[in-house]
Every structure is written in structure tokens, then in C-alpha cells.
1. List pairs: first in the stretch 132-144 and touching a residue at least 12 places away in the same chain (Cβ under 8 Å), second open to solvent by 100 Å² or more (accessible area, probe 1.4 Å) and part of a strand (DSSP E or B), Cβ under 6 Å, 6+ apart or cross-chain?
2. On the basis of being touching a strand residue (DSSP E or B) at 6+ places or on another chain (Cβ under 8 Å), open to solvent by 40 Å² or more (accessible area, probe 1.4 Å), closer than 16 Å to Ile77 by Cα and among the aromatic types (Phe, Trp, Tyr), does Phe120 make the cut?
3. Any idea which of (1) free of Cβ contacts under 8 Å to residues at least 24 places away in the same chain; (2) open to solvent by 60 Å² or more (accessible area, probe 1.4 Å) is the one Gln155 doesn't satisfy?
4. How about the stretch 190-224: which of its residues are open to solvent by 90 Å² or more (accessible area, probe 1.4 Å), in contact with a helix residue (DSSP H, G or I) (Cβ under 9 Å, 6 or more places away or on another chain) and either assigned to a loop (DSSP other than H, G, I, E, B) or under 18 Å from Lys162 (Cα atoms) (or both)?
5. Looking at Ser16, Ser39, Ser43, which is the one that is farther than 30 Å from Ile131 by Cα, assigned to a helix (DSSP H, G or I), among the small types (Gly, Ala, Ser) and at pLDDT 75 or above?
6. Give the residues of the stretch 144-171 that are within 19 Å of Tyr117 (Cα to Cα) and among the hydrophobic types (A, V, I, L, M, F, W, C), sorted by residue number.
7. Please work out which one of (1) closer than 30 Å to Gly126 by Cα; (2) assigned to a helix (DSSP H, G or I); (3) β-branched (Val, Ile, Thr) is the condition Ile148 fails and give its number.
8. Enumerate the pairs (first residue in the stretch 49-76 and on the phi > 0 side of the Ramachandran plot and modelled with pLDDT of 90 or more; second residue anywhere and in a strand (DSSP E or B) and open to solvent by 10 Å² or more (accessible area, probe 1.4 Å)) with beta-carbon separation below 8 Å, excluding pairs fewer than 6 apart on the same chain, so at least 6 apart or on different chains.
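The values are calculated or read from the model by the stated rules, or taken from the named source; none is laboratory data. These figures come from a predicted structure and were not determined experimentally. Because the Cβ atoms are built from the backbone with ideal geometry, glycine has one as well, and the counts that use them run over all protein chains shown. Heads up: the accessible areas ignore ligands, DNA and RNA and are worked out on the full protein's heavy atoms, side chains in. Shrake-Rupley method; radii C 1.70, N 1.55, O 1.52, S 1.80 Å.
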Amino acid sequence: MFALLRPMTGRVLVYSEELIALNRDLQQEISDRRRAENSLRRSEHEWEQTFEAITDAVAIIDRQGRIMRMNRATMEITRELAPGKAPENGCRVLFGMDNHQGHCTFCRMIHQGEVQYGEFHEPESGRWFQISSYPLFEDNQLWGGVMIAHDITEQKHMEQLKDEMISSVSHEMRTPLTAMLGFVEFLLENPVDRDKQVDYLKTVHRETERLNDLISNFLDLQRLQAQVENYQFQPVEICTL
């Protein structure tokens, strides 16, 4: 009986070792899969937190213009721009998707399959946004895009202030220049006695100093904005000034 069962016992031991090895491989595979799933969940959570933490308005939109996802900043901005409207409708307003006059960056991106840029001005709130549209591909097929709106209202306001300042400075410079040119031309074209010449030249000199002060103030302001020099700020008496 032992002689008959010995070969079978050997085969059972071989099968047992194979089962143990197979079980060990399965356990390793299960462990690797769990680690991969945990890593995927962690990456997903990190991406979601990053997506929500972006201060610019970001939305993922499919090729048909359906809003697939938007971050918290988009929700907040759309509530301000389109109060009472659904977030999807407010999102379309923010990104100018209903603008069919060639200013829709999403439409241009879908048509050309390339990154597009533009600006959007909301007249009621007076806010300006820089709109960027990035295409999304899968298997070389364009299926949608990522829309980003960056608030440039402050930048536009500063540009307007700068234009107004330059206009004001130009106007202030023209006043002394007009007086200087007038007196110089009069002196060149008309005989003037010495006393009047001195009087006219004093006026030209005074206007020249005024023009020099204007230019110096303007250059000081430019250096201050460029932070080229250090300035000490202190309180002053407004009435005395």
C-alpha cells in the first residue's frame, strides 16, 4: 500500500507547493493592487484639492459646451455676475460662450483645436477677465477644453489711471510751453526795449522752472513705481501743504 501511495503523495506535495507559490503571488498581486488604488485615490484627492484651491475661475467643458466641472472660484464669480441664474448659465456668461461675434474663445478653440486667449468685460459690475481656453484630447480626438478666467480688473484700472495721469501731465506741460513759445516768438519778431526783454525773459525763465518741476515730479513718480530709489514716508500737515 505504501508503495502504491508514495507516487501520489509526491504529486500532492508538488501541487501543495505550487498552490502555496500561487497563493503567495496572488497575495502579492492583491497587495500591489491595493497600493495602486490607494495611490490613485490619494492622487485624485490631491488633484481635487488643487482644483478647488485655484483662485482663478476654472471649468472643464465638453465639445458640446456642457459644463462638466467647475471650481469654487467659478461658482463664487458666477453668483456675482449672474445672480439668481443656474451656475451653468453663469459660467457661460463668464466665459463669453454665448457671444457669437468672434469673441468666444471656447468657440475658436473648438474650431481650430489650439489654445485661444481673449478678454471679457462685464458692464454691470465693471469687472474685466482674461479668458484662456485650452483644448483637451483623447486618442487625438478633441472632446472639450479647460476654460480659465483671470480677474484683471485692477490691472485695467491701473492702466486707466496711468492713461489719465499721462494725459494730465501732457496738459500741464503744454501750459508753460505755450507761454514760453509765445514770449520767445514775440521777442524774435518784434523790437523790444531792454526792460521789456528782461521782463519777458523772467516770465520764460519762470515757466521753464515750472516745466522742469513737472518733469521732475513725473520722473520721481516713475522711479517710485519702479522701486528704483528708497523713499521715507512721514505724516505731513495737509493745511500747511
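1. Filtered contacts from the stretch 132-144: Ser132/Tyr117.
2. yes
3. (1)
4. Asn217
5. Within the list Ser16, Ser39, Ser43, the selection yields Ser39.
6. Val146, Met147, Ile148, Ala149, Ile152, listed by residue number.
7. So Ile148 meets the others, but not (2).
8. If the second residue must be in a strand (DSSP E or B) and open to solvent by 10 Å² or more (accessible area, probe 1.4 Å), no pairs are left.
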